[in-house]
Every structure is written in C-alpha cells, then in structure tokens.
Amino acid sequence: MGEAGKSTVGIGLQYGDEGKGRVTDTLLPGYGAVGQFNGGPNRGHTVNEGNIEVKLHHLPSGIFHKNILLYTGSGCVINPVKLVAEVKEVESKGVSIDGRFFISGNVSLIRPDHLIFDEIYGRDIGSTSNGIGPAYVDRAMRAVGKEIKNIRLGDYLSNPDKFKPIIAMNLEKIIWEHDLDNPESELAKERELIRQLLDVEKVVNKFHENTLAIEKYLCKDPMMITNLVEGGMNIFFEGSQSIGLDCTTGMVPYVTSSNTLAGAAYSGGDLPPEYHHKIIGVAKAIMSRVGHGPFVSEFGVGKSEEYWAEGLGRAHTKEKELAQWNPNELIKSDDPFYIGIALRMLQGDEYGATTKKPRRMGMLDLVMLRQNCKLNGVDELYINKFDCLNLYSRTKLPGIPMVIAYELDGKQIDYMPSSMEELSRVKPVIEYLPFIKKDISEIRKYENISSEAKNAIKFIEEHVGTRIYGIGVGPKREQFIMIK
Ligand code: GDP
Ligand code: MG
C-alpha cells in the first residue's frame, strides 16, 4: 500500500468571521477533501471566484474546487430545509456538488421546534436563531424515557414514516407550551420566524420532503474518510465558529454549542488523530464580535455593548448607521466608541450577513491570540483584513493599537482569566505601532509591502510566538499574500 494522506485542521482564533472560509479556499489545492466537524448553519463562510460570491452556511468551503470532496462529519448538526435551499443557490450560480458531497449519518437534525426554542430563549446571548443550541441539547439528552430526542439523519432516512410524526409532535408541543397559536400571542406577533413555523402540517411536510431530498448525500459508511486518507488522500478540516466561542473553554454563556477547538476535528470529523499533520489558525487584524460578553479590546467598552444590544440587537442596522453617521468624520473622534463605529462602517462588511446587525469592534488582542494559538497548537497563522489596518492612520490615535497584556485589579497578567467576572474587569495594556499609510490591497508579494506593514507582521509574530504564513489584503480571492 502507498503512503497514507495527511490531515490539516483550520480554526478561527477570535470570535468568528475571521475569514476562515477564504483561507480554506486558498489553501485547498493539494487536498482531496474538505471536512466539517462541528456546528451547523450558524456558520457563514464567504468564498468567491471571479464575480461569484457565496456565503456558505452548510456546504464546506471547497465548492469552487471541482475535484474536491466535501464532507460534513458526525460532529455537526444540519437543517435539511436550509441545506436544500443552499444547494439550489450554489447550483443556480453554476457550481455543481453532485457526486462529491457527503454527510455523515450521525449528524443530528435541527427540528422546527429547535428553531422556535432558539428564537425565544437564545436571543439574550446573541444566538443566530438557527436552532443549533437546542439540537445539541437534544443530542446530549439522547431520549426522555422512550421518547427519542436525538434524531440523526441516518435514523430518519432509514425509517421516515416513524420519524415524521415525532417531528410533528415536537412542533405541536412547543406551540402548545408557549400558546403560540393564540391570536393574542405577543411572541408570535413579534417574531416572524415563529409565525412561519405555526402551520404544523405544512412545516412538517416540508421538513420531511427536504430530508428525503438529501438522501443522495448520505454517507452510509462511517469509515469513508478514514479509508480515503489511509489510501493517500489529504483532508483539510475547517472549523466552524471560533475558539472564543468554544462551548467549554470560551466565554460561557456567550458561546456556541459545540467544541471549536482544533482537537474536535478528530471527534467530529470521523478520522482518527493518527493522520494529523498541522494546524492552521485564522485571525483578523481588527477584531469584531456579535453577541454579549466581555470583549477586552473593544472600542468604547461598555457603551459599545449597550449600543449593540438595543432592541435585542436589532435597533441598529447597516442602513441606519449609513444614514446616521459620516464615517470619515467619525474616525477622527476622540471617543473610542465612535472610532469603533467608523471602523465598522469603513470596513464595509462588519454587519451580520442575514440580520444586518452591527458587530462590536475591537483592537487586535495579542493576549487572546497567543493563548488561543498555544492551546490549539497552531503551526501556521493567517491574518485577514490586513488592508484595514491603514484605517488607523486616519484616526487621532498615536499609532496602530495592539493589546499586548491585560491588567487585572492593578496587576499585569498575560492570560485570559476563565471567570467572566474577572474578564470583565480586565483592562487592556496597549502598544502603538507606526501607522501603515499606504494602501496594501493591490499588492500580491510580501517583498512589496511597506516596512511599517512588515514591522506589524513581525510584532504580532513575536508576541504570539507563531509564524505568520499569509495575510489577507482584501475580500477577493486573489487579494492574499503568502509569506514564504
Ligand atoms: P468566516 O466565517 O471566518 O469564514 O468569515 P466570513 O466570511 O463570515 O467573514 C469574513 C468577511 O471578511 C467576509 O465578508 C470577507 O469577504 C471579508 N474578508 C475576508 N478577508 C478579508 C481581507 O483580507 N480584507 C478585507 N477587506 N475583507 C476580508
Ligand atoms: Mg462567518
């Protein structure tokens, strides 16, 4: 037998939306498969080719690589209705996934009642209302007495007539428990997502049809990936969400419902760790996050979170901010809160893809980055949005701000305390680097970037202790500089 293939794991090191999708897409040549091991359609990975841009929620980030196999591993949860819609969307853009997309039979199904539960109870921690949390709860719950709670794709497809009524029963139950079909129900009046799910028969039929429609992607052999890698295929595992959102070690409770750590690839990806080769970490040069929770390097700490949370996080949208502020003036403000708003607006895409909610903005936090690289054994670091660093030269700040340490109750520390109480008392220790004034977005070679940009790269590497292998200098596929 020939030599076995190798496995690479790619993870986000901050709070999500670091541009993991585009890094995966860039690094894929040389791999035979791209696999997911955690999360569900709460991911949103942007990939583009020419003028086609897609935000992927279900499909792995390898859609543009025609010969690459796409795999959704056991660790994931899926919503068949969303998946079918997404497949249609990418196919309408000329991308075919037929014959190369496989889903483990062990993935748990996100039921319509999970969506309702998440919409009612998940908003306070900033959930995307995709039903991910409740689906993972039911996976861990397994069953209540004889009532099956964890409905997996493989189970459903092997006996659809048995499972269809269970989907209906769960939906009826949550509607009844919360009196949602009462015309006076405030919840139903207020929340469109809930209203859409009240017609039980229609909703359950659609769920059923869509689940049957994805049978062609069902991977029946749990050893498929292992066999392929054993036979010489290299696989790239792409993490969903990010380390700051890991459900065990992240900022509980403002986290996602699965393990985002690099090691999770070998529990949720259906491959033994034996084939592990290296770990790729992705960060972005100006940070952002959605949801509540401590954010040490945030611009306008406190004020920014309150602003974000107004109207359950729905009060401020991209359109409203554009109408309200002139970012070119705002960026010159003395108040960091306004600098944060200006950076969000000038970076263009720091708004939720579907919700349009603004993201909270912050400086690059090297304490977090170092800790997350260390705890995940990151071998290669990639930093996106490097082009955005030149926005700082338009502020009144003395230079590019980088958080190099934390101060907790007057003492300097170099780690993130795991107590949320302590973490919210932490103050950032900031060092300013010389501004990068020149636009970097058209440059493609490391030799051609300015000495200030090189200096920033070196500074980050030294503080984090991990080498930077590439930087993103714009959203387009080709706007990327590999550093040899
Ligand atoms: P993911 O969830 O980590 O895959 O990241 P997303 O796709 O949700 O968000 C990243 C956003 O930043 C997308 O809109 C990208 O187009 C954009 N982006 C990624 N890299 C860069 C970069 O280097 N520069 C700029 N300006 N935008 C980038
Ligand atoms: Mg995203």
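Report, for region 69-199, the % of DSSP beta bridges that are antiparallel, rounded to 5.
40 percent
The chain: Rg/Rh from Cα coordinates, Kirkwood Rh?
0.97
Which of the lysines could be linked to LYS6 by a straight reach, that is with a Cα gap under 22 Å, when you skip same-chain ones fewer than 8 residues away?
Output for LYS6: LYS20, LYS66, LYS278, LYS374, LYS484.
Quick one: plug the Kirkwood hydrodynamic radius of region 108-213 (C-alpha pairs) into Stokes-Einstein at 4 °C, 1.567 mPa s, and report D in µm²/s.
92 µm²/s
What's the long-distance tail for region 288-362, i.e. % of Cα pairs beyond 20 Å?
For region 288-362, the share of Cα pairs beyond 20 Å comes to 19 percent.
In degrees, nearest 10, range 0 to 90: what is the angle between the Cα axis of helix 200-213 and the longest Cα principal axis of the chain?
For 200-213 against the chain, the angle is about 80 degrees.
Can you find, among ILE174, VAL473, SER108, the residue sitting farthest towards the positive end of the charge dipole of the chain, where Lys and Arg contribute +1 and Asp and Glu -1 at Cβ?
Farthest towards the positive end: VAL473.
Hey, got a sec? Which GluC sites (Glu not before Pro) in region 381-484 land in a DSSP loop and have at most 12 other Cβ atoms within 10 Å?
GLU442, GLU478
Averaged across orientations, what area in nm² does the convex hull of the alpha carbons in region 7-62 project?
Dividing the Cα hull surface by four gives the mean projection, 4.1 nm².
Of all DSSP beta bridges located in the chain, what percent are antiparallel, nearest 5?
40 percent
Report the gain in length on full extension from SER419 to LYS332: 0.36 nm times residue separation, minus Cα-Cα distance, nm rounded to one decimal.
Stretched out fully, the SER419 to LYS332 stretch lengthens by 27.8 nm.
Out of the total accessible area of the chain (probe 1.4 Å, heavy atoms of protein only), what percent is carbon and sulfur?
Its accessible area is 52 percent carbon and sulfur atoms.
Find the accessible area per residue for the chain; the probe is 1.4 Å, ligands and nucleic acids are left out, and the unit is Å².
42 Å²
Setting aside same-chain residues fewer than 8 positions from LYS216, which aspartates and glutamates have a Cα under 13 Å from its Cα?
Reachable aspartates and glutamates: ASP98.
Please go through the residue pairs LYS164/LYS202; LYS88/LYS206; LYS320/LYS476 and name each one whose alpha carbons sit more than 18 Å apart in this structure.
Pairs exceeding 18 Å: LYS320/LYS476.
Projecting each Cα onto the charge dipole of region 320-423 (Lys/Arg +1, Asp/Glu -1 at the beta carbon, about the Cα centre), which of VAL403, LEU366, ASN384 comes out farthest on the positive side?
Of the listed residues, the answer is ASN384.
The values are calculated or read from the model by the stated rules, or taken from the named source; none is laboratory data. As the structure is a prediction and not an experimental result, all values here were calculated from the model. Cβ atoms come from the backbone with ideal geometry, glycine included; neighbour counts cover every protein chain shown. The area values use the complete protein model at the heavy-atom level, side chains included, leaving out ligands, DNA and RNA. Shrake-Rupley method; radii C 1.70, N 1.55, O 1.52, S 1.80 Å.
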